[in-house]
Every structure is written in C-alpha cells, then in structure tokens.
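Taking it in order: structure first as structure tokens, then the write-up.
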Amino acid sequence: MIQSMTGFGKATKQLEDKKISIELKSLNSKNLDLNARMPNQYREKEILLRNLIAKSLVRGKVDFNLQVDITGVVSSTAINKEVVKTYVDQLSQIGKATEGELLNIAMRLPDTISSVKEEIEDEEFLLIEDLLKDALIDLNKHRSDEGNVLEQDFRLRIQNISRLLEKVIAIDPERVEGIKSRIQKNISDLREKVDENRFEQELIYYIEKLDITEEKVRLKNHLEYFIENLNSTDSNGKKLGFISQEIGREINTIGSKSNFAAMQQLVVQMKDELEKIKEQLLNVL
C-alpha cells in the first residue's frame, strides 16, 4: 500500500483559559523538510515535537503550526511598583505636580513594566503531544486516501505498458522479416554477385544486433516487479522510482533497436504511459 506525501491534519483542544490548535500540512520532497511555528514559551519542547513528526511522516515538506489563543483573563505583564515609586519620589523633588501627573510621567519611563514569563506545565505539554499525535493520524489518513488513488492509476499505466509490450512481441517476427527483405533487396539492386555464405553470416550478425528478446523479457520482469512492490505493505516511492528507471531503459533500447515504424509507434505510447507514472511517483512517500 502506497502513501502520498500530500496531506493535511488538524487537532484542537479548548481549555479553561486558552484554545490550543495544531495544524500539519505536507507536500512532496526528497527528504523531510520541517518548518515549525509556535509561541516562544513552547520552544523548549520543539525538539521532542519535531522527533514525533519525523518518526511518523518520514519524508515530505511539512509545515507544523502550534497556535495558542487566550480565551480567558490572563495577564503576562506586571508593574514594577518599587521602580515606579522611586520615579515618583524623584520627580516630586524636581518640580510641583499632582500625584496623578507624576504617576503618568513615571509610567512612561523605562523598566516600569516587566513581562512575566508564563511557565508551561508538564500536563499542558502532554496535552500538546496528544494533539500532535491526533493531527498526525489525520494527516496520514489523507496521505493513505490519496495514495489509494495513485495506486489505481499506477496499476492502469503498468497494465497499458504490458498490453503494448504484447503488441511489440506480436509484431516482432514481422519486423525481423522486413529487415531481411530490405537487406536482400538492397543487395539485389547492386546487381553484384555475393558470396551467399558470407551474406548469410553478415545477415545473422546484423539481425542479432537488432534482436530485442532480452529487452522484452527484462521489461516484462520489471513491470511485474513494479506491481509486486505496489502490493507490499510498505510505501517506498524511491524504490518504485528506481524500477521505473529500469522500465524506461528497456523501452528506450527497444525503440533504438526496432528499426520498424509500427514498433516505434508502440514504443512512443509506452514512453507516454511511463512519463505519467514518473510524474506521479514524485508525490509517493
């Protein structure tokens, strides 16, 4: 069973004072390319979250977004009372002003307000891990669903190439006879006497150079091996890519050796089917 590298997953949890959301989006890539976005106070657990994603997704260009929306009354800042009081005392010695005016001026001066770093409890991090696992399950389901569609398309393309190969095998004797006839006609047009034994030897040598028996057998084996890997429990787009390269190599060799228009037309059709397979394989895990 194959999997696509394209997918989307999401998980959300509402707490008393905040809403935590995790979104995952993946596209195709040769390796795992992970981009993580999260509030700064959660960065201390980033490596752990990255490892969970890498273990589950393996490959792909992945966008991971952890979003925390405050829904209750939470203050992350505090007034430095001692600093403000010192400012007010000093300002009152400089000039006359009401207490409210002095306070207004003091609050504009440096260090009167400090940010309080919000400590994230272990329980909340465990919740985030569970949400991430849920989002990964959701994303992998999308990957599997799209992988099923790709698999059906691969089977169709391989079946088409197999059918075209059968046609190549069927017309191969006609191709060989045509080559022999052309050579014999060219010799007769020369109106020269030839050594029949030598001619037969040269003809056999030439026909053997254009023989595609091995290519037909190897191509058939590669097509069967491709389907065998489609039926496996693992999704290995790289391996299927290697097999498709071997399929292409045999098709190209048949085309270069064919020297027969009808067979070359079949080769062009096989190449077209194979290109569609290669294009889709770029998105297989």
Taking interchain pairs and intrachain pairs at least six residues apart, which have beta carbon atoms under 7 angstrom, with the first residue in the range 257-282 and more than 15 Å from Ile212 (Cα to Cα) and the second among the charged types (D, E, K, R) and assigned to a helix (DSSP H, G or I)? Glu273/Arg157; Lys276/Arg157; Ile277/Arg157; Gln280/Asp153
Does the range 6-17 hold any residues that are within 26 Å of Asp234 (Cα to Cα) and touching a Ser or Thr at 6+ places or on another chain (Cβ under 6 Å), and which are they? Gly7
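Limited to the range 18-54, what total is found for residues that are assigned to a loop (DSSP other than H, G, I, E, B) and either under 30 Å from Lys239 (Cβ atoms) or within 26 Å of the chain's Cα centre (by Cα) (or both)?
Counting residues in the range 18-54 that are assigned to a loop (DSSP other than H, G, I, E, B) and either under 30 Å from Lys239 (Cβ atoms) or within 26 Å of the chain's Cα centre (by Cα) (or both) gives 5.
Of the residues that sit in the range 1-17 and are assigned to a loop (DSSP other than H, G, I, E, B) and more than 10 Å from the chain's Cα centre (by Cα), which one is nearest to Gln280 (Cα to Cα)?
Ile2
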Looking only at residues that are closer than 30 Å to Pro39 by Cβ and not in a strand (DSSP E or B) in the range 76-98, which one is modelled with the lowest pLDDT? Ser76
Restricting attention to the range 99-116, does a residue exist that is surrounded by 11 or more Cβ atoms within 10 Å (Cβ to Cβ), touching a strand residue (DSSP E or B) at 6+ places or on another chain (Cβ under 7 Å), assigned to a helix (DSSP H, G or I) and at negative phi? no
So which residues in the range 55-67 are assigned to a strand (DSSP E or B) and either loosely packed, with under 15 Cβ neighbours inside 10 Å or not aliphatic (A, V, I, L, M) (or both)? Gly60, Lys61, Asp63, Phe64, Asn65, Gln67
Entirely in the range 210-285, the helices (runs of 4 or more DSSP H) that have 1 or more residues that are under 19 Å from the mean Cα position of the chain (by Cα) and of a type in the set (Gly, Ala, Ser): 237-258
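The values are calculated or read from the model by the stated rules, or taken from the named source; none is laboratory data. Because the structure is a prediction, the values reported are computed rather than measured. Because the Cβ atoms are built from the backbone with ideal geometry, glycine has one as well, and the counts that use them run over all protein chains shown.
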